[in-house]
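Reviewing the structure listed below.
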């Protein structure tokens with residue numbers, strides 16, 4: 001189980017916030033090889049025809065799930081993407097992931113066949129079982145691709161506890177009703193959180209004690225910050241104002 005605490009922060013504080021945490025963290029090795037110590041996260045989220053997952057989040061349902069296909073950076077031959085179920089049990093988070101090649105993922109959805117496509121990739125040891133969980137939810141709930149969510153992630157690990165991870169998720173953007181083939185397409189993306197970024201703190205057991213003074217210094221308030229819901233609203237996926245008072249009328253903490 002994992003815990004995630006989220007904070008929405010004004011971009012003008014990014015450099016100062018980064019400098020405040022730098023003595024306590026190391027750059028994520030996946031980001032270290034890239035410019036600006038960041039990489040791009042791309043996810044196509046699925047929902048029911050009635051947007052049940054969207055409204056479960058808005059209504060504050062404690063036990064809920066999200067289904068998505070996630071890829072990273074730019075399209076290349078044999079890109080690995082992940083079929084994911086993200087379950088939230090009140091506060092703890094659990095993920096089920098199945099790695100597949102991007103081209104194979106498109107083939108899976110065309111032919112509705114997963115046999116032979118799921119990769120054996122450590123540390124994921126139940127990829128095939130997770131893929132079956134994914135498609136059970138997909139077909140039993142009649143899910144469809146709803147929104148493409150893209151952002152640039154600057155990621156760090158705590159020097160004192162490698163289970164503690166900090167991410168600055170920047171330049172949130174997206175597109176309504178994407179096709180799977182467009183997972184890596186940057187055209188037609190709409191900005192979803194202009195002038196702000198999302199700080200996420202992920203940990204297994206205890207919130208890092210060294211981070212408390214930093215949070216207090218910047219007067220950050222833990223709050224709901226679903227990239228899925230924010231991007232859904234920004235892209236007008238539902239076609240009319242929903243019940244998303246979490247984001248449209250909430251106070252932004254900066």
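Remarks
- The condition of being surrounded by 14 or more Cβ atoms within 10 Å (Cβ to Cβ), in a strand (DSSP E or B), without any contact (Cβ under 8 Å) to a residue 24 or more places away in the chain and under 17 Å from the mean Cα position of the chain (by Cα) holds for only one of 86, 65, 6, that being 86.
- Identification of helices (runs of 4 or more DSSP H) wholly contained in region 136-254 with 1 or more residues that are at pLDDT 95 or above yields 212-217, 227-234.
- Here region 105-130 is the region considered, the condition is being within 21 Å of the chain's Cα centre (by Cα) and closer than 30 Å to residue 190 by Cα, and the residue that is surrounded by the most Cβ atoms within 10 Å (Cβ to Cβ) is 105.
- Selected residue (criterion: farthest from residue 174 (Cα to Cα)) from residues of region 18-40 that are outside any helix (DSSP H, G or I) and in contact with a helix residue (DSSP H, G or I) (Cβ under 9 Å, 6 or more places away or on another chain): 26
- Checked against (1) surrounded by fewer than 17 Cβ atoms within 10 Å (Cβ to Cβ); (2) under 19 Å from the mean Cα position of the chain (by Cα); (3) closer than 30 Å to residue 62 by Cα, residue 80 passes all but condition (3).
- Any chance residue 190 is within 20 Å of the chain's Cα centre (by Cα) and surrounded by fewer than 20 Cβ atoms within 10 Å (Cβ to Cβ): yes
- Which numbered condition residue 118 misses (of (1) free of Cβ contacts under 8 Å to residues at least 12 places away in the same chain; (2) in contact with a helix residue (DSSP H, G or I) (Cβ under 6 Å, 6 or more places away or on another chain)): (1)
- Residue 45 vs. criteria surrounded by 19 or more Cβ atoms within 10 Å (Cβ to Cβ) and outside any strand (DSSP E or B): no
- The one condition in (1) without any contact (Cβ under 8 Å) to a residue 24 or more places away in the chain; (2) surrounded by 13 or more Cβ atoms within 10 Å (Cβ to Cβ) that residue 29 fails to fulfil: (2)
- Residues satisfying the stated conditions in region 193-204, i.e. surrounded by fewer than 15 Cβ atoms within 10 Å (Cβ to Cβ), within 14 Å of residue 230 (Cβ to Cβ) and touching a residue at least 60 places away in the same chain (Cβ under 8 Å): 195
- Counting the residues of region 156-202 that are within 17 Å of residue 215 (Cα to Cα) and touching a helix residue (DSSP H, G or I) at 6+ places or on another chain (Cβ under 8 Å) gives 10.
The values are calculated or read from the model by the stated rules, or taken from the named source; none is laboratory data. Note that the structure is a prediction, hence the values are computed from the model and not measured. Don't worry about glycine lacking a Cβ; one is built from the backbone with ideal geometry, like all the others, and counts go over all protein chains shown.
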